[in-house]
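I have placed the structure first, in the form of structure tokens, so that the comments after it can refer back to it.
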Amino acid sequence: MDAIFTERLTKSFNNTTNALDTLDLNIAEGTAYGLLGGSGSGKTTVVKLMAGLITPTSGHCEILGMDPLKKSARLHKVCGVMTPSAKMYACMTGQENLVFFGEASGMKAADAQTRTAELMKDLGIWQARDLPVSQFPTGMLQRLSLARALMTHPQVLLLDEPTVGLDTEGAEAVLGLLSGLVKNEGITIFLCTHQFPYAQQLCTKFGILSEGSVVADGSLEVLCRKAGCRVRAGFRLPEKDSLKGFQQRADGFWEHEIDSADEMPELLRKAVAAGHDIYEARLCSPTLTDAYMALLGKEGLL
Ligand SMILES: Nc1ncnc2c1ncn2[C@@H]1O[C@H](COP(=O)(O)OP(=O)(O)OP(=O)(O)O)[C@@H](O)[C@H]1O
């Protein structure tokens, strides 16, 4: 059984354009899947449909074999959702909120207390446990929302921009926790984001969403191949020197696309034989951002 399954999932808010258009997804249990897209591409709409917060115009989706609209109570116990719009009780402390939501999901009071402390410590917000949520800065509120989604030890986690508003330290804490959950507990993560480096760090499969449609999907390697992004050899030379057939990057390195890392030693030998002094050599693998930009650029959608 797929952890997440969607078939021709479509949502229109105005009957003329589709915010989400015939989305087909099969995500196996234990996968960290990243849905990447710019503002307005339809990411939040997907998460809301999967969480049963809105109804599809057509098509359907299942989480662990359950329709979110028909099995919402059962789904709540096994599927955690984090969206920017998830509200907390502002006058209660962070700790009180988590215990409250844990108990509301059916946890015993003692279990909810223990889980709250564990998550707040893991996410680096334990020191703020007695602060009313109204006084939480954005980054801490984000981490508290993630803790709320994780209270019931979910098997599937739906995340809408979980690292927006976090500083580097906060984002690393969140990513570290999520990676651990995938590796050690085999949970399935569905991450919607426009922060591609974080998606690359956490996920192994990706979909690129543009104007409500997935325009490409697969692993990083597959996306790079589809996008025509190749490995690049880079050399740093003395200031006034240049390398024929190479392009100079903003950081001063001269770069050239190659098919594989195996070409590097020969390129280096040739450059030295041609009389160039090589101060530094590097291999640059294409990133998710490179693939995204190339794919959307190619399709004229950017
Ligand atoms: N409740 C709504 N009523 C009308 N239009 C909506 C509604 N929610 C979303 N839309 C529209 O649907 C499209 C997709 O929106 P969505 O919020 O899913 O995108 P997104 O990728 O999450 O963007 P962002 O990262 O900016 O939140 C946008 O054109 C948006 O204006």
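Hey, can you rank 52-61, 19-28 by average C-beta count inside 10 Å, highest first? Before the final figure, lay out each step's value.
Numbers: 52-61: 16.8, 19-28: 18.4.
Highest mean packing first, the order is 19-28, 52-61.
Starting from 0 in steps of 10 Å, tell me what percent of the Cα-Cα pairs of the stretch 1-148 lands in each bin.
11, 34, 31, 21, 3, 0
Out of the GluC sites (Glu not before Pro) in the stretch 230-289, which ones are loop residues according to DSSP with at most 15 other C-beta atoms within 10 Å?
Working: sites: Glu239, Glu255, Glu257, Glu263, Glu266, Glu280; in loops: Glu239.
Here the sparse-neighbourhood loop sites are Glu239.
Mind listing P(r) for the stretch 230-285? All alpha-carbon pairs, 10 Å bins, whole percents.
25, 62, 13
All other residues with a Cβ under 9 Å from the Cβ of Ile54 taken together, and with Lys, Arg as +1 and Asp, Glu as -1, what is their net charge? Walk me through the numbers before you get to the answer.
Numbers: positive: Lys11, Lys48; negative: none.
Neighbour charge sum, excluding Ile54 itself: +2.
Leu268 to Glu221: FRET efficiency via 1/(1 + (r/R0)^6), r the Cβ-Cβ distance, R0 25 Å, to the nearest 0.05? Each step should come with its number before you reach the end.
On the way: r = 25 Å, r/R0 = 0.99.
Approximately 0.50, to the nearest 0.05.
List, in the order given, every pair from Lys87/Lys205; Lys70/Lys108; Lys70/Lys121 whose Cα-Cα distance in the structure shown is over 32 Å.
On the way: Lys87/Lys205 30 Å; Lys70/Lys108 25 Å; Lys70/Lys121 35 Å.
Checking Cα-Cα distances, Lys70/Lys121 exceed 32 Å.
Excluding Leu150 itself, what net charge comes from residues whose Cβ is under 10 Å from its Cβ, given Lys and Arg +1 and Asp and Glu -1?
Numbers: positive: Arg115, Arg148; negative: Glu118, Asp122.
Charge balance near Leu150 sits at 0.
Enter the per residue convex hull volume of the stretch 65-174, computed from alpha-carbon coordinates, in Å³ rounded to the nearest integer.
On the way: hull volume 11.0 nm³, N = 110.
In the stretch 65-174, the Cα hull volume divided by residue count equals 100 Å³.
Just to confirm a number: summing +1 for Lys and Arg and -1 for Asp and Glu over residues other than Ile278 whose beta-carbon lies under 13 angstrom from that of Ile278, what do you get?
+1
What length, rounded to one decimal in nm, is gained on full extension from Ala28 through to Asn184, with 0.36 nm per residue of separation minus their alpha-carbon distance?
Working: separation 156, 0.36 × 156 = 56.16 nm, distance 1.62 nm.
Once the chain is fully extended between Ala28 and Asn184, it gains 54.5 nm.
Project the alpha carbons of the chain onto their principal axes and report the range along each, largest first, in whole Å.
73, 47, 33
Which lysines have a Cα lying under 23 Å from the Cα of Lys240, excluding residues fewer than 8 positions away in the same chain?
Output for Lys240: Lys270.
Based solely on its DSSP helices, what 222 nm [θ] is calculated for the chain when runs of n ≥ 4 H residues each add -39,500 (n - 2.57) and the sum is averaged over all residues, nearest 500 deg cm²/dmol? Display every interim value, and only then the final one.
Details: 10 runs with 107 residues, N = 302.
Computed mean residue ellipticity for the chain: -10500 deg cm²/dmol.
Computed from the coordinates by the stated procedures, all read-outs in this text should not be read as laboratory data. Predicted model only: the values in this text are computed from it and were never measured. All Cβ positions, even for glycine, are placed from backbone atoms using ideal geometry, and neighbour counts span all protein chains on display.
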